[in-house]
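Single-structure report; data block below.
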Amino acid sequence: MAKTFSVEDGNLSSSIIRSSKARISKDIDLTFTAKPSGEIFKKQDAAAVKQAIKNLMLTNFGEKPFNPLFGANLRALLFELADPDTEYDIERAVINAIEAYEPRASILNVTVKSNPDGNEVKVNIVFRIISTSEEVTFTTTLARLR
């Protein structure tokens, strides 16, 4: 972030101030496991962002009140034909959801591999945490239940 001085500032010898503050991502652990003290565990940095992306991938349109387009809506694509077009649609849905709703992550790679015999789709997401430049891989399997 930069600020340029003006004549009113009175200090024209320095033209730019650069400041950066490391932002720590924090979230509660959704397993709600209690510590011996009675508090719940917390997730920080990469683990917090990874949990947020997992929740985003597993959320369907209309599940979040007052925000009907939140989520990746992957469940709607699970009963489509297992072909390259559906894999591409899942990949685009993942990329669009992360770009729209997770500003702490920058996507590096998304791969989707369907297994029609096992009634499942494996999604592998590689992303970078923006505040720390740490690369994280998140893999999940989306399964159809009959």
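Numbers for the structure displayed
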item	result
Within the range 15-51, considering residues that are modelled with pLDDT under 60 and open to solvent by less than 100 Å² (accessible area, probe 1.4 Å), the one nearest to ILE125 (Cα to Cα)	SER19
Single match in VAL126, VAL136 (criterion: touching a Phe, Trp or Tyr at 6+ places or on another chain (Cβ under 9 Å) and modelled with pLDDT under 95)	VAL136
Residue match in the range 52-59 (condition: of a type outside the set (A, V, I, L, M, F, W, C), open to solvent by 50 Å² or more (accessible area, probe 1.4 Å) and touching a residue at least 60 places away in the same chain (Cβ under 8 Å))	yes
Hits in the range 75-92 (condition: among the hydrophobic types (A, V, I, L, M, F, W, C), open to solvent by less than 80 Å² (accessible area, probe 1.4 Å) and out of contact with any helix residue (DSSP H, G or I) (no Cβ under 6 Å at 6 or more places or on another chain))	ALA76, LEU78
Flag if THR4 is β-branched (Val, Ile, Thr), open to solvent by less than 80 Å² (accessible area, probe 1.4 Å), farther than 26 Å from VAL112 by Cβ and at pLDDT below 85	no
Checking LEU12 against (1) over 30 Å from GLU99 (Cβ atoms); (2) among the hydrophobic types (A, V, I, L, M, F, W, C); (3) modelled with pLDDT of 75 or more, the condition it does not meet	(3)
Residue selected from the range 94-105 under the condition crowded, with 17+ Cβ neighbours inside 10 Å and either more than 12 Å from the chain's Cα centre (by Cα) or not aliphatic (A, V, I, L, M) (or both), by the criterion farthest from LEU77 (Cα to Cα)	ARG104
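The values are calculated or read from the model by the stated rules, or taken from the named source; none is laboratory data. Computed from a predicted model, the values in this text were never measured in an experiment. When we count neighbours, we look across all protein chains shown, and the Cβ atoms used for this are built from the backbone with ideal geometry, even at glycine. Side chains included, ligands, DNA and RNA excluded: accessible areas come from the protein's heavy atoms. Shrake-Rupley method; radii C 1.70, N 1.55, O 1.52, S 1.80 Å.
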